[in-house]
Amino acid sequence: MAFTHALVGALVAAPVVALAPELAVPAALAGVVGGLVPDVDLFVGRHRRTLHFPVLGWALAVPAVAVAVAVPTLSTVSAATFAASFAVHAGTDALGAGDEIRPWERTSSEAVFDHLHGRWIRPRYRIRYDGAPEDAAATAVLAVPVVAYYPRPLPAIAAACVALGVAYALVRRRLPPVVEEFVG
């Protein structure tokens, strides 16, 4: 779910928080945004294909991280955390369910598209579906280090992610009829 991806993005910046605290806030915010951007393809293109790059995303992230390590500036570090978080997002989508309106029914064999190999990666169901109770629990666990160690405003963002994630989990299984009615 988006809130879990956002917190994973914040955690991608953990080395920056520890080693370059003056860059922590922009790096973590860039990670949060990088964790959210792939899901723009919910609205533009095909979800989990248009902006999801589970293999090729690392072709951008690895050099970006190398540049940030060699020349740690606000721009390079923020770009690196954005790119790494962007790449992690697509990979973690394969750990969940397929891209379907009722993922608990397990009717899709398509978790995320691998552009390099031209095929879909199958769902692994480590988290049964977005908004499953274990997804909300993962969001809460991921928030702990952000709340404990990150500078403001990141703890508040993490707390909001947990609150929204729990709320989403409470209504997730009731959403398909609403979406079908709205979309037609």
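The values are calculated or read from the model by the stated rules, or taken from the named source; none is laboratory data. None of the values given here were measured: they were computed from a predicted structure. All Cβ positions, glycine included, derive from the backbone under ideal geometry; neighbour counts span all protein chains shown. Remember, those area values only see protein heavy atoms, side chains included, never the ligands or the DNA or RNA. Shrake-Rupley method; radii C 1.70, N 1.55, O 1.52, S 1.80 Å.
Things worth noting here:
- Per-pair calculated FRET efficiency, R0 = 25 Å: residue 141 and residue 50 via Cβ, rounded to 0.05: 0.25
- Amide H contacts of residue 114 (H built 1.01 Å from N, in plane; Pro and chain starts excluded): 119, 120, 121 sit under 5 Å, all sequence-distant by 5 or more or on other chains.
- A dipole drawn for the chain from +1 and -1 charges on Cβ atoms has a positive end, and of 86, 111, 66 the residue lying farthest that way is 111.
- The fraction of accessible area contributed by carbon and sulfur in the chain is 70 percent, rounded to a whole number (1.4 Å probe; ligands and nucleic acids excluded).
- The residues of the chain expose on average 51 square angstrom of accessible surface per residue, using a 1.4 Å probe on protein heavy atoms.
- Sparsely packed loop sites in segment 8-59 (the trypsin sites (Lys or Arg not before Pro) outside DSSP H, G, I, E and B with at most 11 other Cβ atoms within 10 Å) do not occur.
- Across segment 126-139, rounded Karplus estimates of 3J(HN,Hα) from the backbone phi angles (6.51 cos²θ - 1.76 cosθ + 1.60, θ = phi - 60°) give 5, 10, 4, 6, 4, x, 5, x, 5, 5, 4, 5, 4, 4 Hz, Gly and Pro being marked x.
- Listed candidates (i) -0.29, -1.14; (ii) -0.25, -1.17; (iii) -0.22, -1.27 - label of the one calculated as log10 I(q)/I(0) by the Debye sum over Cα atoms at q = 0.08, 0.18 Å⁻¹: (ii)
- Spatial separation of Cα centroids for segment 52-68 and segment 104-148, in angstrom: 20
- The mean sequence distance of close C-alpha pairs (under 8 Å, at least 6 residues apart), as a share of the length of segment 1-72, puts its relative contact order at 25 percent.
- Amide N of segment 21-57 lying under 18 Å from the label point, which is placed 7 angstrom from the Cα of residue 107 along Cα→Cβ: 47
- Dimensionless Rg/Rh of segment 1-94 - Kirkwood Rh, Rg from C-alpha atoms: 0.98
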